[in-house]
Ligand code: BMA
């Protein structure tokens, strides 16, 4: 992947003051991304100097220069949750028919849950409920149904990192009839201990290609207790049966190298959470030559853009 020359494309100074919550914010990172009628829309994770978290929508006609909304996202109905929610973060956006579903992590006392919201216009968001049980993160809904079921990739948090958050080593597939109640159906792949992707989690929404579903993910090298390194990788799932792993990148496809990826709130992080395909054929498949814009959080501080093609991503999985 090639970093765009305008990187980092969004920094804290692009977030307008939105009193009382967002004033002189600290950071903006890990965006969900989608293209709607030629416009690229991001849902940004913004942190203020109270280290409180908000979502802010940003829009762009070229996928590079973004205009941030002058208000934070309100998740209407979230007040019905009877527990303290500390943070909602790391949105992934999936279009199903004409509705955009947003799945995100929710930090609560018992651990991390997955929340679900929907929107038609990225202005008004309706919270639909908590869509998980147990401690889990990185829920990513597929953009179509399979045999009448919704599918998602997710990552159970079955590991307590030393002095850090819960994490995990397995990417799973789950299915649902209603997007709120999910049943785990398969373990797709495992972290590779000792190598670049020891801990792993799904990244962007799967991209439909003639070769299969292309899925970006993040891998963490823990380097035997040294500083964690968050990198991006890619895997390919069978088009008709996404529980079948067809291939997986041996090497990471993006790693922290630039200063804005190496230094920040959490150093050494590239975290791919959004991907936009620029060219899709009449049957809805991303074309091999199509550029893919990958939006990623850098050092939990700003947003980077890396550009690649469908062909290069597929080749990386062989
Ligand atoms: C992960 C998630 C991401 C974050 C990353 C690095 O566990 O919390 O949101 O970017 O850690 O801090």
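List of remarks:
- With each label modelled as a point 7 angstrom along the Cα→C-beta vector, the residue 121-residue 311 pair spans 4.2 nm.
- Among beta bridges from DSSP that stay inside the chain, the antiparallel ones total about 95%.
- Residue ranges 119-126, 210-217, 251-258 sort as 210-217, 251-258, 119-126 when ordered by packing (mean number of other C-beta atoms within 10 Å per residue, highest first).
- Three-way shape call for region 85-132 based on the alpha-carbon gyration tensor, with the a/c threshold at 1.5: prolate
- Three-way shape label, the chain, alpha-carbon gyration tensor, a/c 1.5: rounded
- Extension gain for residue 52 to residue 226 (0.36 nm times residue separation, less C-alpha to C-alpha distance): 59.9 nm.
- Subtracting the Cα-Cα distance of residue 158 and residue 186 from their residue separation scaled by 0.36 nm leaves 8.5 nm.
- Förster radius 30 Å - calculated FRET efficiency between residue 246 and residue 5, Cβ distance, rounded to 0.05: 0.35
- Between residue 95 and residue 289, the simple label model (points 7 Å from Cα in the Cβ direction) yields a spacing of 2.2 nm.
- Counting all C-alpha pairs of region 108-149, share separated by more than 17 Å (%): 49
- Cα gyration tensor category, rounded, prolate or oblate, for region 28-152 with a/c compared to 1.5: oblate
- Residue-normalised convex hull volume from the C-alpha trace of region 174-318: 127 Å³ per residue.
- Those residues of region 292-308 whose amide nitrogen sits under 14 Å from the label point placed on residue 258, 7 Å along Cα→Cβ: 294-308
- Efficiency of FRET between residue 37 and residue 65 - r from beta-carbon atoms, R0 22 angstrom, step 0.05: 0.80
Just so you know, all these numbers are worked out from the coordinates, no wet-lab data involved. Worth saying up front: this structure is predicted, and the values here are computed from it rather than measured. Don't worry about glycine lacking a Cβ; one is built from the backbone with ideal geometry, like all the others, and counts go over all protein chains shown.
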